[in-house]
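A short worksheet on the structure shown next.
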Protein chains: 2
Amino acid sequence: MANIAVLGYGVVGSGVVEVIKKNENSISIKAKEKVVVKKILDVRDFADSPDRDLITKNADEIFNDDSISVIAETIGGIGVAYEFTKRALMGKKSVVTSNKELVATHGPELLKMAKENGVHYLFEASVGGGIPIIRPLNQCLAANEIHGVTGILNGTTNYILTQMKKEGKDFEVALKGAQQNGYAEANPTADVEGHDACRKIAILSSIAYNEFVDYRNIYTEGITKITLTDMQYAEAMGSVIKLIALSKRVGDKLFARVSPAMIDKEHPLATVEDVFNAIVVKGDAIGEAMFYGRGAGKLPTASAVVADIIDAVKHVDTSERYIWERKENTSVIDIGDSETKFFVRVIARSKAEAKNFINTTFGEVNFITVNKAELEEEIAFVTSKSKEKDLKAGIDKLKGIGSIKQVVSVIRVEED
Amino acid sequence: MANIAVLGYGVVGSGVVEVIKKNENSISIKAKEKVVVKKILDVRDFADSPDRDLITKNADEIFNDDSISVIAETIGGIGVAYEFTKRALMGKKSVVTSNKELVATHGPELLKMAKENGVHYLFEASVGGGIPIIRPLNQCLAANEIHGVTGILNGTTNYILTQMKKEGKDFEVALKGAQQNGYAEANPTADVEGHDACRKIAILSSIAYNEFVDYRNIYTEGITKITLTDMQYAEAMGSVIKLIALSKRVGDKLFARVSPAMIDKEHPLATVEDVFNAIVVKGDAIGEAMFYGRGAGKLPTASAVVADIIDAVKHVDTSERYIWERKENTSVIDIGDSETKFFVRVIARSKAEAKNFINTTFGEVNFITVNKAELEEEIAFVTSKSKEKDLKAGIDKLKGIGSIKQVVSVIRVEED
């Protein structure tokens, strides 16, 4: 029998307990021994919960119990979750988690600690909710050199962008709807500013390229400035706007970025809507593979946590462990040195003059038009592919000339 | 060092050798020891191949070589491949394969033999080419009760149907094009009649439901009767026609089927085009997850074979093995007892009379019209959901009445 403890009886933690109970038989067969939740740690009272007898407020009851071999950390954050994870690993208990922030911040230390103590630190649920992606990247695509990872990794922002596109709601209205439906938190910053997606692409990249990619080196931009007008232009270009998290090899360096981007309607990510997530992986042998599903939610996320529990139980002495080394100098190139195309929208005082200036500044551009009376003063165009810093210098020039009243939007156009 | 032998130096076999050579370093890191192809078995001459020194026509050189621990069987078929696989397993060598026919036919015996000899029989490459699906089903979704698996599992037929839809080619022309492009074989029966997809859904189902599903119990229908007119009706219904392989739990029984089906354009499989494959898995915790990628081809398939080689090398003494029991009585319910909707197209002598008869025979139906002069004599409709045997009895009745000249098409409408 394998005894499990769950730290944190919130949405994911209670889901983990529910899934283990519900599928007890099949889980025990897969794990090759009975898997039982012995204790749940939470400081709150749950007098009405069916699990109330398992809940304790005293962490010692768990950490001092040698019969507990695996801990599911579903507390979140990098405070007490960090302390508990270290204590568990030092006490030779494997830890499985959905905590992307902790993995992205302290992954190298925790993986090393797990290895030194002969246990596991597993985090399939930290990216893509229930979508199997960490294990496939690490095992199923092991024969490949991974060239790039591109994903829609945040369900909240994808829901908002879908609502804007399909229902014609503007950002603020769509955000409010997401909050009312429980898809966005009261303080939505981590989602809408891209921080959540940033942690996730950092974790995926660390697995894909087998070196620790620090999320603090990843350029991150949210969706708060995206407007319905931008979406009309995207439509005219045969594209959609998505919050795209990507990383790729560039020579012996890496590049990673989180930002809104226009992607072609034929792109496999273009049809990923609502709260769904999807990740496209490019490998030298496989070409492209995509993984799609619910990126959040109680049971999908619990499904991934429990898969890790089964793995930790099953391979208790034997499984491989990987190590992420922190490098002195990051391999992540600066956003300014990355290549991209910009979609740019300006309000012109004089259209002819402004177009002239745009052409001399950016060389060949594609002008985009949409039929709307109120947009008559606008000029929109897509640049050719260049270094971001050169494009940004061009944008700065636009801002300084008299024939242009305002630069309204600058959105990347992603072709990979 | 792990010595590998490859049986069959065809498309997939030569791809396996290529991938192992190309990504030697990263593969060795993942496998935790150097992975080397020591011998290749093929009866043909390859005087110009860079691998010619490794190629032998004498199987004994491989089977009697105790230093070879893993065999990649990429011969295909159930003749010599079966004999070699048994010989390898009995000789305590793990076998990894892309051979869906052998797995679907002799899987139970071979898995048992592998277990008895303490080695592996792995077949990630047998379904979905390079798409990771067997391992995710078995490991990543281990916390789930799987309710159903629905997929586009054959690239050739998906290419043909895509060409019909997008280019307006009829079946024969599209098939010829597929043959010219190397996507279909000179004898295309196994693909276009659905036999290939049938083997694959049998394997996926055996993994998903943890019991051997014999492909001979799976109703299988190919795409040869699908016409451009059927596609026009599908379009009018907001659907597309795909060759759908599916299985699902029905109470304590199973149902499995391969057939063309109309699926809604919003269905995640609807946008899977050309030679791509995709598999949707439904589990009680995860909801829906989809896996998408290249379902065939030299390097994608080799990528999956090599992932299995790495697993076999890494877990050489330790990994779990599953067993498929052959049951006396199949759990697969008869196609007649399954529930479905039919799209039916008939040519009427008298439209009013025929419609009357249709309504009295099938109860509530939805009549579908498309605007084409030459279809004026046609009536097309979609039945409500009923048992197939009842629907088929209804179709037989239609064939017997005077107001209907001919029943032209009967295609399932799939809503799951």
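The values are calculated or read from the model by the stated rules, or taken from the named source; none is laboratory data. Note that this is a predicted model, so its numbers are computed, not measured. Backbone-built Cβ (ideal geometry, glycine too); neighbour counts: all protein chains shown.
A few points about this structure:
- Flag if B:Ile201 is free of Cβ contacts under 8 Å to residues at least 60 places away in the same chain and under 12 Å from the mean Cα position of the chain (by Cα): yes
- Residues within the range A:284-299 that are surrounded by 24 or more Cβ atoms within 10 Å (Cβ to Cβ), in a loop (DSSP other than H, G, I, E, B) and of a type in the set (A, V, I, L, M), tallied: 2
- Those residues of the range A:381-416 which are among the aliphatic types (A, V, I, L, M) and within 30 Å of the chain's Cα centre (by Cα), in sequence order: A:Val382, A:Leu391, A:Ala393, A:Ile395, A:Val407, A:Val408, A:Val410, A:Ile411, A:Val413
- Residue in the range B:362-379 that is more than 14 Å from chain A (Cβ to nearest Cβ), surrounded by fewer than 20 Cβ atoms within 10 Å (Cβ to Cβ) and touching a Gly at 6+ places or on another chain (Cβ under 9 Å) present: no
- Of all the listed residues (B:Val149, B:Val173, B:Val127), the sole one being without any contact (Cβ under 8 Å) to a residue 24 or more places away in the chain and farther than 18 Å from B:Glu325 by Cα is B:Val173.
- The range B:337-352 residues that are under 12 Å from B:Gln406 (Cβ atoms), paired with ones that are among the small types (Gly, Ala, Ser) and outside any strand (DSSP E or B) (beta carbon under 8 Å, 6 or more apart): B:Val346/B:Ala354; B:Ala348/B:Ala354; B:Ala348/B:Ser403; B:Arg349/B:Gly402; B:Arg349/B:Ser403
- Taking the criterion of being of a type in the set (A, V, I, L, M, F, W, C) and outside any helix (DSSP H, G or I), the residues of the range A:325-354 that qualify are A:Val332, A:Ile333, A:Phe342, A:Phe343, A:Val344, A:Val346, A:Ile347, A:Ala348.
- Restricting attention to the range A:323-377 and to residues that are under 30 Å from A:Pro108 (Cβ atoms) and among the hydrophobic types (A, V, I, L, M, F, W, C), the residue that is modelled with the lowest pLDDT turns out to be A:Ile323.
- B:Lys341 meets each of the listed conditions (1) more than 9 Å from chain A (Cβ to nearest Cβ); (2) closer than 17 Å to B:Ser247 by Cβ; (3) touching a Ser or Thr at 6+ places or on another chain (Cβ under 7 Å) apart from (2).
- The range B:37-89, subset among the acidic types (Asp, Glu) and farther than 26 Å from B:Ala104 by Cβ, residue surrounded by the fewest Cβ atoms within 10 Å (Cβ to Cβ): B:Asp48
- Of the residues making up the range A:300-322, not a single one is among the basic types (Lys, Arg) and part of a strand (DSSP E or B).
- Considering the range B:124-155, and only residues there that are closer than 19 Å to B:Ala104 by Cα and charged (D, E, K, R), the residue that is nearest to the other protein chains (Cβ to nearest Cβ) turns out to be B:Arg135.
- Condition check for A:Glu320: closer than 23 Å to A:Val103 by Cβ and modelled with pLDDT under 95: yes
- Qualifying residue in the range A:131-142 (condition: at negative phi and surrounded by fewer than 20 Cβ atoms within 10 Å (Cβ to Cβ)): yes
- Selection count where residues are more than 8 Å from chain A (Cβ to nearest Cβ) and hydroxyl-bearing (Ser, Thr, Tyr), scope the range B:294-314: 1
- Per-region count, the range B:105-164, residues closer than 30 Å to B:Gly91 by Cβ and of a type outside the set (A, V, I, L, M): 22
- Verdict on A:Glu325 being in contact with a Phe, Trp or Tyr (Cβ under 9 Å, 6 or more places away or on another chain) and in contact (Cβ under 8 Å) with a residue 40 or more places away in the chain: yes
- Test set (1) among the β-branched types (Val, Ile, Thr); (2) outside any loop (DSSP other than H, G, I, E, B); (3) facing chain A (nearest Cβ under 8 Å) - B:Val281 fails condition number: (3)
- The number of residues in the range B:3-35 being more than 19 Å from B:Lys298 (Cα to Cα) and not basic (Lys, Arg) comes to 8.
- Scanning the range A:150-199 for residues that are of a type in the set (Val, Ile, Thr), surrounded by fewer than 24 Cβ atoms within 10 Å (Cβ to Cβ) and within 29 Å of A:Asp416 (Cα to Cα) gives A:Thr162, A:Thr189, A:Val192.
- When the test is whether a residue is at pLDDT 95 or above and either aromatic (Phe, Trp, Tyr) or in a helix (DSSP H, G or I) (or both), B:Lys169 does not pass it.
- Scanning the range A:247-266 for residues being surrounded by 20 or more Cβ atoms within 10 Å (Cβ to Cβ), more than 23 Å from A:Gln139 (Cβ to Cβ) and out of contact with any His (no Cβ under 9 Å at 6 or more places or on another chain) gives a total of 7.
- Unique residue being hydrophobic (A, V, I, L, M, F, W, C), within 14 Å of another protein chain (Cβ to nearest Cβ) and not in a helix (DSSP H, G or I) when the list is A:Ala186, A:Ala245, A:Ala261, A:Ala270: A:Ala270
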